[in-house]
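Data block below; observations after.
The numbers here are math on the coordinates, done by the rules we state, and not lab data. If you're wondering where the values come from, they're calculated on a predicted model, not measured in any experiment. Virtual Cβ from ideal backbone geometry, glycine too; neighbours counted across all protein chains shown.
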Amino acid sequence: MKLHIVLVEPEIPQNTGNIARTCAALGAKLHLVYPLGFSISEKQVKRAGLDYWDKLEIEEHLNFEEFLTKYKPEENHMFFVTTKGKQVYCDFDYSQMDEIFILFGKETRGLPEDILQKYIEKTIRIPMRPHLRSLNLANSVAIVAYDIFRQCEFEGLENISQYFQM
C-alpha cells in the first residue's frame, strides 16, 4: 500500500515539519501544493522534521489545479479531510486499496468549498465534540494516516520494538 499525504496551501511551518516527520516514519509520500505560507527551507520546518528530510519523498505542485490534473480524484482512491466530511475517516476499508491519497487544506480555511461539493462522497472527517473549530493539522494527519496503516496491519512498519529484541 502506498500512502500519499497532500497538504493544500499549508500555512504553518511547524505543522508541515511535523507532518513531514510522520510521513518519513510511515514511508508516505508528502505532496506540497503551493502557495505555501512559508519557505520549506525555513528553520522552523527543518527543526520540526529534524533529521528526517533525507528519508522523505516530497512532490511539489504549483497549485491545486495542477495536482488534481495529475492525480485525478475520479481515477484514484482520494479522500478529502474536512470538518464537513460526509463520512468518518474509519468508515472505509483502506486495506483493499493499493494507493491512497489523503488531502488536507490550509489551517485557517481547510479545502476549497467547491472541491468539497464536487467530491462530497470522498469527504471524510474526524469525530469531535460539537461547536469546536477543528483539530491541529499535524494531529489530524497522524490520526488518519496511522489508522490506515493499522487497517493494513502496519504493513512495512516495525511491529516489534528493537529494545525487546536484545
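Judged by the mean number of other Cβ atoms found within 10 Å, the most tightly packed of the peptides 140-146, 52-58, 10-16 leads the ranking 10-16, 140-146, 52-58.
Exposure proxy ranking for Val88, Val33, based on other Cβ atoms within 10 angstrom of each Cβ and starting from the fewest, stands as Val88, Val33.
Excluding Ile120 itself, what net charge comes from residues whose Cβ is under 15 Å from its Cβ, given Lys and Arg +1 and Asp and Glu -1? With Lys, Arg at +1 and Asp, Glu at -1, the neighbours total 0.
Per-residue ellipticity at 222 nm computed for the chain from its helices equals -8500 deg cm²/dmol, with DSSP H segments shorter than 4 residues left out and the rest contributing -39,500 (n - 2.57). If you count Lys pairs in the range 66-157 whose Cα atoms are under 16 Å apart, skipping same-chain pairs closer than 8 places in sequence, the total is 7. Taking other C-beta atoms within 10 angstrom as a stand-in for reagent exposure, Thr83, Thr108 fall in the order Thr108, Thr83, fewest first. Percent antiparallel among DSSP beta bridges with both residues in the range 2-165, to the nearest 5? Expressed as a percentage, antiparallel bridges in the range 2-165 total about 5. Summing charges over all other residues whose Cβ lies under 14 Å from the Cβ of Asn159, with Lys and Arg as +1 and Asp and Glu as -1, gives -2.
Here Leu135 and Trp53 are evaluated by their C-beta separation; at R0 = 22 Å the FRET efficiency comes out at 0.35. For a modelled paramagnetic label at Leu157, 7 Å from Cα along Cα-to-Cβ, the residues of the range 1-34 in reach, with backbone nitrogen under 15 Å, are 1-5, 19-29. Residues whose amide H lies under 5 Å from that of Gly37, counting only those 5 or more places away or on a different chain, are Glu11; hydrogens are built 1.01 Å from N in the peptide plane.
Counting neighbouring Cβ atoms within 10 Å and putting the fewest first, the residues Glu75, Glu99 line up as Glu75, Glu99.
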